[in-house]
Amino acid sequence: MENGTRYGRGFTLWFTGLSGAGKTTIAEIVEHELRNRFRKIEVLDGDIVRTNLSKGLGFSKEDRDTNVLRIGFVADLLTRNGVGVIVSAISPFKEVRDQVRRNVGNDFVEIFVDAPLEVCAERDVKGLYEKAFSGEIPQFTGVSDP
């Protein structure tokens with residue numbers, strides 16, 4: 001019990017959706033609520049993982065898949081050790097999310113955060129959508145890629 005959640009089992013909540021959809025905001029609220037109920041909660045945010053664990057990866061489909069699989073590997077490792085894991089990552093490709101789901105098993109819950117593209121673009125503080133709409137960023141999820 002000391003190494004895991006109050007109930008001894010880990011889990012992965014995987015928030016997916018467009019950039020700016022609200023994944024991280026919702027994940028932070030869920031984290032706050034769950035920390036009041038469980039001993040061990042970890043958050044794996046796609047942007048933070050990309051700058052640390054996946055540094056050097058680009059945004060090709062292969063690199064995005066690799067990034068998601070790395071996040072999934074860490075989520076699985078933590079889940080197996082009784083940690084509640086909250087993931088916030090665009091993770092646009094179903095087949096890769098399904099692979100992560102198979103690895104984590106029954107303790108995996110996927111949540112799609114749905115927001116209109118226009119709303120996501122309005123929320124964009126990094127200017128990524130503007131660059132994607134102008135063609136400066138190719139393969140941008142929701143604009144020029146699924």
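Residues checked against (1) over 23 Å from Phe140 (Cβ atoms); (2) out of contact with any Pro (no Cβ under 9 Å at 6 or more places or on another chain); (3) of a type in the set (Phe, Trp, Tyr):
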position: Ala27; (1), (2), (3): no, yes, no
position: Gly56; (1), (2), (3): no, yes, no
position: Ile71; (1), (2), (3): no, yes, no
position: Val85; (1), (2), (3): yes, yes, no
position: Phe112; (1), (2), (3): no, yes, yes
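For the range 87-109, the count of residues that are in contact with a Gly (Cβ under 7 Å, 6 or more places away or on another chain) and of a type in the set (Ser, Thr, Tyr) is nonzero. Restricting attention to the range 15-31, the residues being over 7 Å from Val113 (Cα atoms), in a helix (DSSP H, G or I) and not β-branched (Val, Ile, Thr) number 3. Evaluated against (1) under 16 Å from the mean Cα position of the chain (by Cα); (2) at pLDDT 95 or above, Gly46 falls short on exactly one condition, (2). So, Arg37, is that one modelled with pLDDT of 95 or more and either in a loop (DSSP other than H, G, I, E, B) or in contact with a helix residue (DSSP H, G or I) (Cβ under 9 Å, 6 or more places away or on another chain) (or both) or not? In short, no. Restricting the range 45-72 to residues that are part of a helix (DSSP H, G or I) and among the acidic types (Asp, Glu), the residue that is nearest to Lys23 (Cα to Cα) is Asp47. Considering (1) acidic (Asp, Glu); (2) in contact (Cβ under 8 Å) with a residue 60 or more places away in the chain; (3) outside any helix (DSSP H, G or I), the lone condition that Asp76 does not fulfil carries the number (3). Can you list residue pairs whose Cβ atoms sit under 8 Å apart, with the first residue in the range 90-104 being in contact (Cβ under 8 Å) with a residue 60 or more places away in the chain and the second being hydroxyl-bearing (Ser, Thr, Tyr) and assigned to a helix (DSSP H, G or I)? Count only pairs 6 or more apart in sequence or on different chains. Sorted first by the residue in the range 90-104, then by its partner, the pairs are Val104/Thr79. Does the range 136-144 include one or more residues that are surrounded by 13 or more Cβ atoms within 10 Å (Cβ to Cβ) and part of a helix (DSSP H, G or I)? No, every residue in the range 136-144 fails to be surrounded by 13 or more Cβ atoms within 10 Å (Cβ to Cβ) and part of a helix (DSSP H, G or I).
Here Ala115 meets each of (1) of a type outside the set (D, E, K, R); (2) in contact with a strand residue (DSSP E or B) (Cβ under 6 Å, 6 or more places away or on another chain); (3) touching a residue at least 40 places away in the same chain (Cβ under 8 Å) with one exception, condition (2). Of all residues in the range 102-115, none are assigned to a helix (DSSP H, G or I) and closer than 15 Å to Leu18 by Cβ.
The values are calculated or read from the model by the stated rules, or taken from the named source; none is laboratory data. Owing to the predicted nature of the structure, the values given are computational and were not obtained by experimental measurement. Neighbour counts run over all protein chains shown; Cβ positions are idealised from the backbone, glycine included.
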